[in-house]
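Chemist: The structure is given below, and queries will be raised subsequently.
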Amino acid sequence: MSGPYILPEAEHLLGEEVDFDLKLRGQIVDRRETLEDRQRFLRRLLMEEKKAKTERKGKHLFKDEIDLIREKVEAISASLSKRLDRVLVSRLRHYLIRAHSAVVQDEAEKQDKREICQQIEEILKSFELKVYMGSEEPLKEDRKDQKISKTKVGEERGTKSAEEEKSGNRKEGNNEEKSESEIDEKAAEKQRELEEEWKEFILWKQDKIFNDAKKKSENDKAKMLEADKERQRKQNVDKRPPESTKSRKSRSDYRQEDEVSKSETEESSDGRSPERNKSQKSRNEKEKKKDSHRPR
């Protein structure tokens, strides 16, 4: 390998691919943000990474990614065989970096990783595309257009006189200088637009973080108030006057008392005490005496 891989274009990637690249660069993915916002954020990160020419290492396991990477590479490769597309090329570069930055756990995985990376590199090279960072070349289709244009110019020059050819050369040179100047100006304008987008994104992100924190604080405060009310309610319950001993008696206590009372009643009706028997006997004797003295 001769340096870091050429990076993909953020706007060419699908949602899952954008989220993966953000996580790979240590960013927290917020699904509430639109795909366009996440792509804008990733584009800024890729620009900085491209300037630094750093090689990215991930924490994702190769064994968890290999099946997905193979499936996507096969589908993209089949589509590229029909038509060269910048979006598909960009996605292919994403999966190349995704495979290369993965963590392997044994020699077998290391070999599989080497093979899949070589496979993707060969696909890119088959379209005469650069693989590593450096001066990126235009796509194959663009180069064909350039060759055709140069051939036409050469044929036209053959029919011109020497003076016309010199004049044409001067005009062409001026046009090339003008074209390069326009390209530089467009690049600078695009850079300014990206800078403005980034500033807007940062302001939006800050507002969003502030509003989320404010909402969380309000929710926490409401929960605390509710908890305080619940504590106060429990304290009021605990402060009620204690119940009397009688009111605290259980059903079993009342049942036992009823049984004892019933038992005492039965004993009093069936068996009388000696004192009560004597008194009753005395009353009976008095009644008999009274009856004997009555006139018959």
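The values are calculated or read from the model by the stated rules, or taken from the named source; none is laboratory data. Note that the coordinates shown come from a computational prediction; the quantities given were computed from them, not determined experimentally. In this analysis, Cβ positions are derived from the backbone assuming ideal geometry, glycine residues included, and neighbour counts consider all displayed protein chains. Note: accessible area is taken over every heavy atom of the protein model, side chains too, but ligands, DNA and RNA are not part of it. Shrake-Rupley method; radii C 1.70, N 1.55, O 1.52, S 1.80 Å.
Chemist: How large a share of the accessible area of segment 38-130, in percent, is made up of carbon and sulfur atoms when the probe is 1.4 Å and the other protein chains stay in place?
Modeler: Exposed carbon and sulfur together represent 46 percent of the surface.
Chemist: Could I ask something else about it? Taking amide H positions as placed in the peptide plane 1.01 Å from N, state which residues far from V103 in sequence (5 or more) or on other chains have amide H under 5 Å from it.
Modeler: Those lying under 5 Å, H to H, from V103 are H60, L61, F62.
Chemist: Does segment 46-85 classify as rounded, prolate or oblate by the C-alpha gyration tensor (a ≥ b ≥ c root eigenvalues; a/c under 1.5 gives rounded; else a/b over b/c gives prolate, otherwise oblate)?
Modeler: Oblate.
Chemist: Now for a separate question. Under a point spin-label approximation (7 Å from Cα along Cα-to-Cβ), what is the L225-E71 distance to one decimal in nm?
Modeler: 5.0
Chemist: Can you list which of the trypsin sites (Lys or Arg not before Pro) found in segment 1-87 are DSSP loop residues with at most 10 other C-beta atoms within 10 Å?
Modeler: Taking segment 1-87 and a limit of 10 other Cβ atoms within 10 Å, the loop trypsin sites (Lys or Arg not before Pro) found are R31, R32, K57, K59, K82, R83.
Chemist: Also, quick follow-up: So how much slack lies between E33 and L46, counting 0.36 nm per residue of separation and subtracting their Cα-Cα distance, in nm?
Modeler: Full-extension gain reported as 2.8 nm.
Chemist: If I model a spin label at F210 and H60 as a point 7 Å from the Cα along the Cα→Cβ vector, what separation in nanometres do I get?
Modeler: 3.5
Chemist: Could you go through segment 5-14 in sequence order and give the Karplus-derived ³J(HN,Hα) for each residue, using 6.51 cos²θ - 1.76 cosθ + 1.60 with θ = phi - 60°, rounded to whole Hz, and x for Gly and Pro?
Modeler: After applying 6.51 cos²θ - 1.76 cosθ + 1.60, I find 6, 5, 7, x, 8, 4, 6, 8, 8, 7 Hz.
Chemist: Heads up, I need the accessible area for L61: 1.4 angstrom probe, whole protein in place, Å², nearest 10.
Modeler: Approximately 50 Å² for this residue.
Chemist: Now for a separate question. Can you tell me how segment 24-106 classifies by the Cα gyration tensor, rounded, prolate or oblate, using a/c under 1.5 as the rounded cut?
Modeler: Oblate is the answer for segment 24-106, as a/c is 1.5 or above yet b/c matches or exceeds a/b.
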